[in-house]
Amino acid sequence: MFPTLRTLSAAPASSSSATHYLITLVRSARGLPPSSAATLDSMGLHRLHQSVLQPHGATAAGKILHIKELVTVRNVTAEEGAAYLVRGRPEGAGVVPTGRVYGGSKKDTAASI
């Protein structure tokens, strides 16, 4: 059975409704008109895969429509968005120390093993 308006509206609503847009830049504005780059700059999007949190409103919606091909948008609560923006690197990401010091020779590390 295909969903109808009645079945979609009868779905239980979450306890807290979304109040913000979580906007992530996924494509560059190179080769597009300067107005697209200016819109990205006004939203605070400067690097690929950078995310910003914008409150729901006509201004934010208009900016999103202007650059809709370059971004992904999620509806989130303010708390969910803030938690997403401040999360750190996942465990195990980055450089793993091996015990060797820069400038040391291989012979020095082999003797310590």
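The values are calculated or read from the model by the stated rules, or taken from the named source; none is laboratory data. It should be emphasised that the depicted structure is a prediction, and the values quoted were computed from it without experimental measurement. FYI the Cβ positions are ideal-geometry reconstructions off the backbone, even for glycines, and counts take in every protein chain you see.
Tabulated data for the structure shown
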item: Every residue from segment 33-64 that is over 18 Å from T19 (Cβ atoms) and aliphatic (A, V, I, L, M); result: A37, A38, L40, L45, L48
item: Verdict on S36 being of a type outside the set (A, V, I, L, M), more than 24 Å from A83 (Cα to Cα), under 16 Å from the mean Cα position of the chain (by Cα) and surrounded by 10 or more Cβ atoms within 10 Å (Cβ to Cβ); result: no
item: Pair list, Cβ < 9 Å and 6+ apart or interchain, from segment 53-75 residues that are assigned to a helix (DSSP H, G or I) to residues that are among the aromatic types (F, W, Y) and surrounded by 12 or more Cβ atoms within 10 Å (Cβ to Cβ); result: A60/Y21; A61/Y21; I64/Y21
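A quick yes/no check of all residues on (1) closer than 17 Å to Y21 by Cα; (2) surrounded by 10 or more Cβ atoms within 10 Å (Cβ to Cβ); (3) acidic (D, E); (4) at pLDDT 95 or above:
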position	(1), (2), (3), (4)
H66	yes, yes, no, yes
V73	yes, yes, no, yes
E79	yes, yes, yes, no
V86	yes, no, no, no
G103	no, no, no, no
A110	no, no, no, no
